[in-house]
Amino acid sequence: MSKATLFISSKNYSSWSLRGFLLARMAGLDFDVQAVAADNPKMRAELLMQTSSIRIPYLEHDGVTVWDTLAIAEYLNELHPAAGMLPVERMARAHCRSIAGEMHSGFSALRESLPMNLRMFRPNFTLWSAVRADIDRIVEIWSECLGASKGPWLFGERRTIADAMFAPVVTRFRTYDVTMDPVCDRYCREILAWPDMREWFASAQKEPEQIEELDIEF
């Protein structure tokens, strides 16, 4: 079976690229990472949320091209079921898929007002009501999952698709100085200590590209 290639956009700005990377690592996939050129207009439009769909990242593997992060997640789960990307128990699997899907399709205020930017820190950032509502819902999801599973991950001792889907949110909370309750704060610290996250963070600091619209003070 041929080695896979995950095509990404920016490590600093692209939450979807981060999700694809974490999912491929979680699956134990043998893959290379290739960045789409920074001046690619499609990549820039997606990062600035000017397109109706997100087609970067995408995975090329064994003659197959898969895009959309949830599709990548399901493909990898089929390819490597022993990786445990979904919980073992049926009800937990359904819950995991549901909250991953909610993250995938929802929280538009959070995405628009708190863009991912790993090189930035905005202390005392003002959170508008729509963003606060999104944050409250995310905290509700995390609290419910962690209360049931006892952590350290959303569904217990093993990372799942849901943890990869919410990992970029943790970086947003860090960038914009969002205060968490102790349980959710502990989960955020667990995500940030994830070795694959630390590797991604380190690479993002070295990335030369800068997108002024996402670095502007607002």
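The values are calculated or read from the model by the stated rules, or taken from the named source; none is laboratory data. In this text, all values refer to a predicted model and were calculated from it rather than measured experimentally. Heads up, the Cβs are rebuilt from the backbone with ideal geometry, glycines too, and the neighbour counts pull from every protein chain shown.
Residues in segment 85-121 that are at pLDDT 95 or above and charged (D, E, K, R): GLU89, ARG90, ARG93, ARG97, GLU102.
Mind checking which residues of segment 117-134 are in contact with a Leu (Cβ under 7 Å, 6 or more places away or on another chain) and touching a residue at least 40 places away in the same chain (Cβ under 8 Å)? Hit for segment 117-134 is ASN117, nothing else.
Just give me the residues in segment 172-184 being loosely packed, with under 13 Cβ neighbours inside 10 Å and on the phi < 0 side of the Ramachandran plot, in sequence order. Result: THR179, ASP181, PRO182. Across segment 130-181, the number of residues qualifying as closer than 21 Å to MET85 by Cβ, β-branched (Val, Ile, Thr) and in a loop (DSSP other than H, G, I, E, B) comes to 1. A single entry from SER149, SER98, SER108 fulfils the requirement of being surrounded by fewer than 20 Cβ atoms within 10 Å (Cβ to Cβ) and more than 22 Å from GLY20 (Cα to Cα): SER149. Is it the case that segment 158-172 has a residue that's over 22 Å from ALA24 (Cβ atoms) and without any contact (Cβ under 8 Å) to a residue 40 or more places away in the chain? No, every residue in segment 158-172 fails to be over 22 Å from ALA24 (Cβ atoms) and without any contact (Cβ under 8 Å) to a residue 40 or more places away in the chain.
When you scan segment 19-41, do you find a residue that is in contact with a Pro (Cβ under 7 Å, 6 or more places away or on another chain) and either surrounded by 17 or more Cβ atoms within 10 Å (Cβ to Cβ) or at pLDDT below 95 (or both), even just one? Within segment 19-41, one or more residues are in contact with a Pro (Cβ under 7 Å, 6 or more places away or on another chain) and either surrounded by 17 or more Cβ atoms within 10 Å (Cβ to Cβ) or at pLDDT below 95 (or both). Among the conditions (1) buried (at least 18 other Cβ atoms within 10 Å of the Cβ); (2) modelled with pLDDT under 95, PHE166 misses just one, which is (2).
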